[in-house]
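Encoded as C-alpha cells, the structure appears first; notes follow it.
What follows is calculated from the coordinates using simple rules that are stated; it is not laboratory data. Since we're looking at a predicted model, the values are computed, not measured. Note that we place each Cβ from the backbone using ideal geometry, even for glycine, and neighbour counts take in every protein chain shown.
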Ligand code: 13P
C-alpha cells in the first residue's frame, strides 16, 4: 500500500514539475552557479570513513589551530616572541612527537600551518601523515558582534567562498574542518533566540559546504564557562542550542555519519559557588547529549574550554565509566588541556624538545585512557592550573 502511494506521489510531482526541469538529470558532481563544483554524494563514503577513523577507540584530536594572535599569547606566556620561526618550531615539535599517533587521530591546524614546512623542509602535512595523524583545518574566519543580539553575543564569519577554500585545503591534504561558534550565558538574556538560531544556521551552512569538498565538519557550538550559573542552567541552555544545531544540520542536508560534534562539557559557570563533582558534570553532559545528538554521529570530541589538564581528563573518564544510551565515542579535541605542560616544558629551547614531547604524550595518553574509561586520576603528570580565560572568544 505504501509503495502504491509513493508511486502515485512521484507521478503527481512529475505532473506539476516545470517543463524546464523535466528530464534534468542530477549528477553526483554538479557544477553550480559561479562554476563551483559540489561533490557531497561522491564523498560520502570517504567522509564516513574519515569521521569513524578520527573517533576510533582510544583516539582523539589535538587542537592546534590557534590563530596567530592567540598563539602569540601562548608564546608570550613562556617569554617567546610570536615569529613565524617560533610558531614553526613549536608546531614542529608537536607533529614529530614519536608515538603521538597511538593516542591522537587528528590535528586541527591554522591555515598558516597547513601550508607550512617543518624546519627540515618536510611539509607539516607529511609529518602528520607519517605519525598516523589526519590533518584538519580551522575554516572559520573568526567571531564578529551579532547585530540585534545581546552585547556579548557574536556570530561566526567565513561562509563566503567556503566551498572553494575547502577544495584548496583538501588538495593540500586536510581531511576534516572546524568551525567554532560561541555562545555565552548571562543573567540578563543571553543566549538570545537570535544568537542560537544564527549560530546553529552558520554551523550547518559551513558543515554542508565543507562536505561538498570532502572535509568532515567538526561542528563546534561552544558555551563559554564565563558566569555564575549552575550546571542545571548550562544543561537547559545546551539542550536548546544542540537541538537547534541538529535541526539546522538536517535542514541543510548535512551527512551526519560524516560529521563530528565538538561541544563544551555541561559545566557550571566559572564563578558558580555551588560545589560540583565530576560525576555531576559527566551525568549532565551525557544526559544533554542523549536528548539531542543523533546516533548517526560517530564521535563527540569535547573541547577543554578552560578546565585544567587533569580536570579535562577526569571528566572525560567519568563519562566513559558508566552505561549510556548514546552510541557515539566520547572523546577529546583539546587545545589548552593538551598543550599547557608541553609548552611550559619547552620554554622555546631546542634542548627541551624531548621533555616537551614527553609532556604532550603524557596528556595524550591520559585522554586516550579517559576515552576508554581507564584513566587513573594522577597517573600522568599535568600542569596543575586552571586554564580558564575570561571572555575566551578571539
Ligand atoms: P580548548 O580545548 O583550549 O578549549 O580549545 C579547543 C578548541 O579548539 C577551541 O576551539
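Each of 65, 140, 81 has some number of other Cβ atoms within 10 Å of its Cβ, and from fewest to most they run 81, 140, 65.
For the range 327-394, the square roots of the Cα gyration tensor eigenvalues, ordered a ≥ b ≥ c, give a/c of at least 1.5 with a/b no greater than b/c, which places it in the oblate category. Taking every Cα-Cα distance in the range 267-324 and sorting them into 10 Å bins starting at zero, the pair-distance distribution P(r) comes out as 20, 55, 23, 2 percent.
In terms of the ratio Rg/(2.2 N^0.38 Å) built on C-alpha atoms, what value belongs to the range 162-273? The partial results should precede the final answer.
On the way: Rg = 15.2 Å, N = 112, 2.2 N^0.38 = 13.2 Å.
That works out to 1.15 for the range 162-273.
A viscosity of 1.567 mPa s and a temperature of 4 °C, combined with the Kirkwood radius over C-alpha pairs in the Stokes-Einstein formula, give the range 283-357 a diffusion coefficient of 92 µm²/s.
The alpha carbons of the range 81-235 occupy a box of 53, 33, 31 Å along the principal axes, longest dimension given first.
Which of rounded, prolate or oblate describes the range 185-228 when judged by the alpha-carbon gyration tensor and an a/c cut-off of 1.5? Walk me through the numbers on the way to the answer.
Details: a/c = 8.14, a/b = 2.31, b/c = 3.52.
Oblate, since a/c reaches 1.5 and b/c is not below a/b.
Between helix 2-16 and the chain there is an angle of about 70 degrees, using the helix long axis and the longest principal axis of the Cα atoms.
Counting beta carbons within 10 Å around each of 80, 223 and listing the fewest first gives the order 80, 223.
What is the diffusion coefficient of the range 26-137 in µm²/s, taking the Kirkwood radius over Cα pairs and the Stokes-Einstein relation at 20 °C with a viscosity of 1.002 mPa s? It diffuses with D of about 135 µm²/s by this estimate. Seen against the Cα atoms of the chain and their longest principal axis, helix 278-292 is set at about 10 degrees.
Kindly give Rg over Rh for the range 217-318, based on alpha-carbon atoms, with the Kirkwood expression for the hydrodynamic radius. Mind showing how you got there, number by number?
Details: Rg = 13.6 Å, Rh = 14.0 Å.
Result: Rg/Rh = 0.97.
In terms of overall dimensions, the C-alpha atoms belonging to the range 240-394 reach 52, 36, 33 Å along their principal axes, ordered largest to smallest.
Viscosity 1.306 mPa s, temperature 10 °C: what is the translational diffusion coefficient of the chain from Stokes-Einstein with a Kirkwood Rh over Cα pairs, rounded to a whole number of µm²/s?
Numbers: Rh = 21.8 Å.
Rounded, D is 73 µm²/s.
Taking other C-beta atoms within 10 angstrom as a stand-in for reagent exposure, 97, 272, 127 fall in the order 272, 127, 97, fewest first. In degrees from 0 to 90, rounded to the nearest 10, what is the angle of the helix 162-172 Cα long axis to the longest principal axis of the chain? Around 60 degrees separate the two axes.
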